[in-house]
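The values are calculated or read from the model by the stated rules, or taken from the named source; none is laboratory data. Everything numeric in this text was worked out from a predicted model, so none of it was measured. Glycine gets a Cβ as well: all are built from the backbone with ideal geometry, and neighbour counts include every protein chain shown.
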Amino acid sequence: MSEFRFENTVTITESRFAELWSALPPRRLFGVSKVIPLAAVGILLLLTKYTLLLGVVLLGLIVVLVLLPEKIFPVISRSIFRKHKYLRDANTYGVSLERLWIRSHNIEASVSWSMLVTWRETADLLVLSPSGIPPIYLSLARLREEGLYGRVRALAASNAPEYGTRPEW
């Protein structure tokens, strides 16, 4: 493979960060097919004084699991955004055949592709999540425009599983 280098400067807003990091994988771990029978069991447990507490706990757990994706994750994501000072500025994110990196006046970090833990595509970004440095945000439109989309995606796929898929053990 011939050498390449791709960089783009991205400013992530708090609302965009919450949108990116509040999403669950496409395959929900706790689907409706599991909630309804558990709720029925929880209601049945409310019928006797010996199992009342267990029923309340089970129904409470169901409420938390249903609210987690829609209500709790965005609040946590916004809190994380506020605590990461480097996110307040425009950052330059880049990739080459050997490395992934982030640069701005507050941070400069890079790792090899072997440190990639997971990756995913959103509507407009390729998000690479390596170990040891912040996530790398790459514009899908710019990658395609420069003819690098296929190469970068292939590097990501060969080094880490896509977010929401089970890794091959």
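When each of Tyr137, Tyr86 is tested for being under 22 Å from Phe4 (Cβ atoms), at pLDDT 85 or above and among the hydroxyl-bearing types (Ser, Thr, Tyr), the lone residue that passes is Tyr137. If you go through region 133-168 and keep only what is under 20 Å from Asn91 (Cβ atoms), touching a residue at least 60 places away in the same chain (Cβ under 8 Å) and of a type outside the set (Gly, Ala, Ser), you end up with Tyr137, Leu138, Arg142, Leu143, Glu146, Leu148, Val152. Of all residues in region 133-158, those being crowded, with 16+ Cβ neighbours inside 10 Å, of a type in the set (Ser, Thr, Tyr) and assigned to a helix (DSSP H, G or I) number 1. When region 1-39 is filtered for residues that are in a helix (DSSP H, G or I) and either within 30 Å of Ser110 (Cα to Cα) or modelled with pLDDT of 90 or more (or both), the ones remaining, listed by number, are Glu14, Ser15, Arg16, Phe17, Ala18, Glu19, Leu20, Trp21. Number of residues in region 122-132 that are outside any loop (DSSP other than H, G, I, E, B) and either of a type in the set (Val, Ile, Thr) or without any contact (Cβ under 8 Å) to a residue 60 or more places away in the chain (or both) equals 5. Tell me yes or no: at least one residue of region 113-132 is under 21 Å from Thr11 (Cα atoms) and in contact with a Gly (Cβ under 9 Å, 6 or more places away or on another chain). Yes - at least one qualifying residue is present in region 113-132.
Regarding region 103-121, can at least one residue be identified that is in contact with a Phe, Trp or Tyr (Cβ under 7 Å, 6 or more places away or on another chain), part of a strand (DSSP E or B) and among the charged types (D, E, K, R)? Yes. The set of residues in region 73-102 being touching a Phe, Trp or Tyr at 6+ places or on another chain (Cβ under 8 Å) and free of Cβ contacts under 8 Å to residues at least 24 places away in the same chain consists of Glu98, Arg99.
In region 45-63, the residue that is nearest to Val35 (Cα to Cα) out of those that are under 36 Å from the mean Cα position of the chain (by Cα) and surrounded by 15 or more Cβ atoms within 10 Å (Cβ to Cβ) is Ile62.
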